[in-house]
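Structure first, then comments.
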There are 4 protein chains.
Amino acid sequence: MKRNKPKYHQIIDAAVVTIAENGYHQAQVAKIAKQAGVADGTIYLYFKNKEDILISLFEEKMGSFVKKIQEALAGKTEAAEKLLLLVDHHFSILAEDRHLAVVTQLELRQSNKELRLKINGVLKDYLQLIDEVLKEGVEKGEFRPSLNIQLARQMIFGTIDETVTTWVMNDQKYDLPALSSEVGEMLLNGFSIR
Amino acid sequence: MKRNKPKYHQIIDAAVVTIAENGYHQAQVAKIAKQAGVADGTIYLYFKNKEDILISLFEEKMGSFVKKIQEALAGKTEAAEKLLLLVDHHFSILAEDRHLAVVTQLELRQSNKELRLKINGVLKDYLQLIDEVLKEGVEKGEFRPSLNIQLARQMIFGTIDETVTTWVMNDQKYDLPALSSEVGEMLLNGFSIR
Amino acid sequence: MKRNKPKYHQIIDAAVVTIAENGYHQAQVAKIAKQAGVADGTIYLYFKNKEDILISLFEEKMGSFVKKIQEALAGKTEAAEKLLLLVDHHFSILAEDRHLAVVTQLELRQSNKELRLKINGVLKDYLQLIDEVLKEGVEKGEFRPSLNIQLARQMIFGTIDETVTTWVMNDQKYDLPALSSEVGEMLLNGFSIR
Amino acid sequence: MKRNKPKYHQIIDAAVVTIAENGYHQAQVAKIAKQAGVADGTIYLYFKNKEDILISLFEEKMGSFVKKIQEALAGKTEAAEKLLLLVDHHFSILAEDRHLAVVTQLELRQSNKELRLKINGVLKDYLQLIDEVLKEGVEKGEFRPSLNIQLARQMIFGTIDETVTTWVMNDQKYDLPALSSEVGEMLLNGFSIR
DNA sequence: AATGAATGAGTGTTCATTCAT
DNA sequence: GATGAATGAACACTCATTCAT
């Protein structure tokens with residue numbers, strides 16, 4: 001399994017840095033290889049093609065992203081609390097890895113539709129996590145029984161995503177995690193029983 | 001003024017169709033020219049370069065988009081009503097122009113950072129319109145006085161945008177405008193006084 | 001006869017100015033037309049194509065150039081005197097028309113081989129004039145009887161041309177005509193009987 | 001160092017042949033690559049851009065040109081002899097490389113002013129060599145003490161250059177080196193003490 | 001005669017991928 | 001496994017010339 005070899009992660013991390021520093025369209029394979037300290041050809045021993053690097057990058061980073069958030073929510077009983085934690089961790093994780101934030105919010109979106117569809121596939125785990133929290137909230141009577149889960153999830157993800165993107169486009173110059181409770185409250189209000 | 005000549009709009013409309021049908025990276029100038037029924041060189045009598053076509057496209061379409069929504073809100077007195085109308089018109093306008101929806105939600109986002117910054121400049125008018133509705137709602141006591149306008153705007157825009165994008169990625173196969181009141185209500189709940 | 005219409009000369013003079021100020025490769029037909037104060041299409045009522053403008057330009061200017069020098073030599077009896085006068089007038093005429101000097105010495109030489117061959121045809125009158133002076137000098141016993149007329153002519157023209165080109169490339173910042181007698185004397189020494 | 005790799009010279013030689021046979025403006029990079037037996041992209045592993053090929057071509061060829069002439073003059077004591085040898089070798093070297101003669105005398109002069117300025121920089125070594133011979137001749141009393149070195153150099157270079165160009169334009173159909181002594185003598189007469 | 005909008009052929013350069021070593 | 005030299009397809013833009021008015 002290639003995933004277990006050191007060069008696999010070495011190349012993915014090099015890709016994150018290279019894309020963050022040069023932009024998506026200026027992150028040529030040769031540049032990533034140089035950043036990783038391997039030859040151009042070596043890349044192709046670990047990845048099928050350039051697209052495969054980017055998908056793998058997203059899978060690896062998003063996988064650990066979702067895992068961290070799942071761990072944070074484990075043991076909590078209230079859906080509202082879970083939602084607040086989710087927003088908070090989403091913001092915190094990206095605020096702690098500036099390179100990754102630039103790559104996921106700005107650069108990777110320049111990839112073509114095909115790649116973005118694959119990336120969306122990777123995102124599904126995260127969206128399902130959100131869905132579960134929402135369903136739980138409805139079942140437990142915390143949220144309105146009439147709540148349209150899909151719309152609510154789009155509201156949560158859209159709001160979080162837009163907030164992070166705006167922060168990245170403003171050069172990350174304000175404290176993103178500080179906004180999490182306010183964002184979380186606004187979202188909760190949207191779902192709650194009057 | 002080139003904007004008033006028929007070929008200017010002819011080329012922009014051709015660009016929308018070409019990009020929607022072929023994707024951003026497969027929308028070569030030659031293809032746009034052919035779709036517009038003009039020679040390649042004619043493009044450059046109306047646009048400085050390819051980027052200029054895309055920015056102009058966005059300006060023209062977004063300009064009329066904002067104008068339509070402004071007109072719809074004119075004469076309404078309640079901020080809540082305005083917000084619902086805004087969501088409804090946003091959905092309706094894009095649902096009525098499938099090509100434009102694909103271009104704005106998926107294809108144009110693949111452009112490089114530079115172009116996207118210019119596009120964001122064009123978006124400002126729309127974001128300001130949202131801000132005004134929010135401020136009005138706060139002043140009139142419809143929304144919480146403590147509402148963070150910027151965050152609320154990001155929630156509105158993020159939610160709408162994510163909802164439209166999901167709809168486009170699902171090949172526009174369900175009725176988007178039908179969702180507007182539900183989305184609008186969720187947003188309103190987020191801002192309202194308990 | 002197009003040569004007698006005012007626009008013919010208007011366009012040629014515009015070509016000289018445009019080429020001198022913008023360089024050969026930046027002297028587009030549209031720019032020449034604008035400088036001449038006519039429409040692009042009007043150029044083609046007076047000239048077959050762009051090359052024709054340049055050849056005509058050279059013919060007109062070189063024609064008057066040769067004529068002026070012929071007039072200067074008329075009535076002189078000694079070949080040596082004629083040669084000195086020829087160098088002197090060559091330098092003076094170009095020194096008095098800075099634009100023309102740039103065009104003939106630098107810019108027009110960037111034209112393709114074909115055009116340059118035609119230009120050489122135009123130059124023939126001038127080279128013949130030189131040949132006549134040389135033959136006269138040999139016949140009158142001023143120059144060596146063994147003088148190779150063709151080589152001597154190449155020496156004269158080559159020397160003059162190189163001197164003018166060097167002066168133009170140095171931005172015409174020294175007094176070219178002041179060098180004529182020295183150049184002329186060196187040439188004469190080359191041909192004279194010991 | 002790329003200069004030491006075989007493909008570097010392979011490409012330069014291909015450029016000489018391609019330009020000589022097709023003309024400056026018809027010598028596309030693709031044609032040069034084909035002539036060199038490499039892929040288009042390979043060119044750019046050895047040269048920054050097309051202009052770089054041409055400058056390098058001139059540097060390489062002119063460098064060896066000057067070197068050959070310097071070697072021929074080494075050990076000679078009289079300036080007159082050196083001048084005769086210089087003319088003779090100049091003619092002989094170009095007569096032995098018909099392609100190079102066409103390229104330097106006709107084709108490369110069609111390049112734009114910018115490239116020609118760089119080419120002139122390369123020529124400086126040659127002009128300095130001429131200057132040294134002239135100064136030596138004056139110091140040793142072979143040439144007139146009043147000799148204007150710059151003018152004399154322009155006479156030498158201009159005469160040689162015009163003679164070679166005329167020969168090339170006449171399709172190299174007569175024996176150029178056979179003219180060298182006559183040309184050399186005429187030049188020497190121009191500088192000598194009576 | 002004069003206009004100027006429209007035409008469309010032509011080309012240097014990049015970069016993901018391969019494969020002989 | 002690792003290398004990196006070599007490959008070659010793909011594309012925005014310019015400008016001389018035309019021709020309907």
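For C:ASN22 and A:ALA178, FRET efficiency with R0 = 51 Å and r from the beta-carbon atoms, rounded to 0.05?
FRET efficiency, A:ALA178 to C:ASN22: 0.30.
Tally Lys/Arg at +1 and Asp/Glu at -1 over every other residue whose Cβ is under 10 Å from the Cβ of D:GLU60; what's the total?
0
Interface size between chain B and chain A, please: total buried accessible area, 1.4 Å probe, rounded to the nearest 100 Å².
3200
Dipole size in debye (nearest 20) for the protein assembly as shown around its Cα centre, Lys and Arg Cβ +1, Asp and Glu Cβ -1?
In total the dipole reaches around 880 debye.
Applying the Karplus parametrisation 6.51 cos²θ - 1.76 cosθ + 1.60 with θ = phi - 60° to the phi angles of the range B:64-74, what ³J(HN,Hα) value in whole Hz is obtained for each residue in order, glycine and proline being reported as x?
6, 4, 4, 4, 4, 5, 4, 4, 5, 7, 4
Of the options A:SER180, A:GLY75, A:SER146, report the single residue whose Cα projects farthest towards the positive end of the charge dipole of the range A:54-191 (beta-carbon charges: Lys, Arg +1; Asp, Glu -1).
Result: A:SER146.
Would you mind checking the tilt of helix D:180-191 against the longest principal axis of the Cα atoms of chain D, expressed as 0 to 90 degrees and rounded to 10?
Rounded to the nearest ten degrees, it is 50.
Just in the range B:60-108: which GluC sites (Glu not before Pro) are loop by DSSP and have at most 16 other Cβ atoms within 10 Å?
Listed in order of number, the matching sites are B:GLU78.
So if I take the centroid of the Cα atoms in the range B:67-101 and the same for the range C:1-60, what is the distance between those two points in Å?
After rounding, the separation between the Cα centres reads 57 Å.
Across the range D:26-43, in residue order, what do the Karplus-derived ³J(HN,Hα) couplings come to in whole Hz, using 6.51 cos²θ - 1.76 cosθ + 1.60 with θ = phi - 60° and x for Gly and Pro?
Residue by residue, the range D:26-43 yields 9, 9, 5, 3, 4, 5, 5, 4, 4, 4, 7, x, 10, 6, 3, x, 4, 3 Hz.
So which trypsin sites (Lys or Arg not before Pro) in the range A:126-167 end up in coil per DSSP with only 16 or fewer other C-beta atoms within 10 Å?
A:LYS140
Cβ under 11 Å from C:VAL16's Cβ, C:VAL16 left aside: what net charge do those residues give with Lys, Arg +1 and Asp, Glu -1?
Taking every other residue near C:VAL16 into account, the sum is -3.
Can you tell me the dipole magnitude for the range A:58-194 around its Cα centre, using point charges on the Cβ only (Lys, Arg +1; Asp, Glu -1), in Debye to the nearest 20?
That gives a dipole near 360 debye.
Kindly give the distances from C:PRO145 to its copy-mates, label point to label point, with each label point 7 Å from Cα along Cα→Cβ, as nm values to one decimal ordered shortest first.
3.7, 12.2, 13.2
Between C:LEU123 and C:SER92, what is the spin-label point distance in nm, taking each point 7 Å from the Cα along the Cα→C-beta axis?
Reported label-point gap for C:LEU123 and C:SER92 is 2.4 nm.
Starting from a label point 7 Å past Cα on the Cβ side, list the distances from B:LEU45 to the same position in the other copies, nm, shortest first.
2.0, 4.6, 5.8
Given a 1.4 angstrom probe, what's the average accessible area per residue across the protein assembly as shown, in square angstrom?
Accessible area per residue, the protein assembly as shown: 45 Å².
Give, as a single signed number, the net charge of other residues whose beta carbon lies under 12 Å from the beta carbon of B:GLY121, with Lys and Arg counted +1 and Asp and Glu -1.
0
Using a probe of 1.4 angstrom, how much of the accessible area of the range C:52-191 is carbon and sulfur, in percent?
48
What residue of chain A sits with its beta carbon nearest the rotation axis taking A to D, and at what distance in whole Å?
A:GLY41, 4
Taking amide H atoms as placed 1.01 Å from N in the peptide plane, list the residues 5 or more away in sequence, or in a different chain, whose amide H sits under 5 Å from that of C:PHE143.
Close amide H contacts, sequence-distant or interchain: C:VAL138.
Which Cα, out of D:ASN4, D:VAL16, D:GLN35, lies furthest along the positive dipole direction of the range D:1-47 (beta carbon charges, K/R +1, D/E -1)?
It is D:ASN4.
Treating the point 7 Å from Cα along Cα-beta-carbon as the label, what are the nm separations from B:ASN22 to the other copies, to one decimal?
Label point to label point, same position, other copies: 2.7, 2.8, 3.1 nm.
Which loop-located trypsin sites (Lys or Arg not before Pro) does the range C:4-35 contain, where loop means any DSSP state but H, G, I, E or B and the Cβ has at most 10 other Cβ atoms within 10 Å?
Counting only loop positions with at most 10 other Cβ atoms within 10 Å, none of the trypsin sites (Lys or Arg not before Pro) in the range C:4-35 qualifies.
In percent, how large is the relative contact order of chain D, given Cα pairs closer than 8 Å and 6 or more residues apart?
Over chain D, the number comes to 23 percent.
When only the heavy atoms of the protein chains count and the probe is 1.4 Å, how do B:THR77, A:THR163, D:THR104 rank by accessible area, highest first?
If we order B:THR77, A:THR163, D:THR104 from most to least accessible, we get B:THR77, D:THR104, A:THR163.
If you count only protein heavy atoms and use a 1.4 Å probe, how large is the accessible surface of A:LEU45, to the nearest 10 Å²?
110
Under 1.5 on a/c is rounded, so check that first for the range D:51-191, then, if it is not, pick prolate when a/b is larger than b/c and oblate when it is not; a ≥ b ≥ c are the square roots of the alpha carbon gyration tensor eigenvalues.
Prolate, since a/c reaches 1.5 and a/b exceeds b/c.
With the Cα gyration tensor of the protein assembly as shown giving a ≥ b ≥ c as the square roots of its eigenvalues, does the rule (a/c under 1.5 for rounded; else a/b larger than b/c for prolate; else oblate) give rounded, prolate or oblate?
The shape class here is prolate.
What angle do you read, to the nearest 10 degrees and between 0 and 90, between the alpha-carbon axis of helix B:6-22 and the longest principal axis of chain B?
80
Which value, in debye to the nearest 20, gives the size of the charge dipole of the range D:10-100 about its Cα centre, when Lys and Arg are +1 and Asp and Glu are -1 at the Cβ?
160
Taking A:LYS67 as the anchor, which aspartates and glutamates have their alpha carbon closer than 20 Å to its alpha carbon, excluding any fewer than eight residues away along the same chain?
Qualifying aspartates and glutamates at Cα under 20 Å: A:ASP13, A:GLU59, A:GLU78, A:GLU81, A:ASP88, A:GLU96, A:ASP97, A:ASP125, A:ASP131, A:GLU132, A:GLU136, A:ASP161.
By how many degrees, 0 to 90 and rounded to 10, does the Cα axis of helix A:79-96 deviate from the longest principal axis of chain A?
Once rounded, one gets 30 degrees.
The values are calculated or read from the model by the stated rules, or taken from the named source; none is laboratory data. What you see is a predicted model; the values in this text were computed from it and never measured. Note that we place each Cβ from the backbone using ideal geometry, even for glycine, and neighbour counts take in every protein chain shown. Note: accessible area is taken over every heavy atom of the protein model, side chains too, but ligands, DNA and RNA are not part of it. Shrake-Rupley method; radii C 1.70, N 1.55, O 1.52, S 1.80 Å.
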